[in-house]
Amino acid sequence: MANKDYSYAVGRRKEASATIKLSSKGSGNFLVKTAWGLEKTLQQYFGGNLYMYQAAISPLETIWNDAVKKFDAEISRSCWCHQTCIRKSIDRSKSWL
């Protein structure tokens, strides 16, 4: 079995879904790729709403406080996606830690 530095996971809520590729060797870059081809950081995607950003990254903060700075993530989403989809995909992908 190969030792890989990343994990894939899918988070779903109702009809929305988010796919994440979480890399353990990173510097805290969370990039969201929209269905329309736009790329934004996670903070830009939530429009600067601190509550939604913190809710999305909360699964990583349960490991330790600075865990967000240790990972990079590429998040692909379908149409409209709530922070719950992103949170679920992060939660599922961190299970390999």
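No lab work stands behind these numbers, since they all come straight from the coordinates. This is a predicted model, so every value here is computed, not measured. Positions of Cβ are generated from backbone atoms using ideal geometry, with glycine treated the same way; all protein chains shown enter the neighbour counts.
Numbers at a glance
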quantity	calculated
Theoretical FRET efficiency, 1/(1+(r/R0)^6), r = Cβ-Cβ of LYS14 and GLU61, R0 25 Å, to 0.05	0.50
Relative pair counts by distance (%), Cα atoms of the chain, 5 Å bins	3, 15, 26, 29, 18, 7, 2, 0, 0
Highest-first arrangement of 84-92, 39-47, where packing means the average Cβ count within 10 Å	84-92, 39-47
Cβ-placed point charges (K, R +1; D, E -1), dipole of segment 24-96 about Cα centre in debye, nearest 20	120 debye
Number of Lys pairs (Cα under 17 Å; 8 or more positions apart or on different chains) in the chain	17
Mean separation of Cα contacts under 8 Å (6+ apart) over length of the chain, as relative contact order %	44 percent
Between 0 and 90°, nearest 10: helix 83-93 axis offset from the chain longest Cα axis	20 degrees
Helix 50-61 vs. the chain, principal-axis angle (Cα, 0 to 90°, nearest 10)	20 degrees
Extension gain from ASN49 to LEU31, taking 0.36 nm per residue of separation minus the Cα-Cα distance	4.9 nm
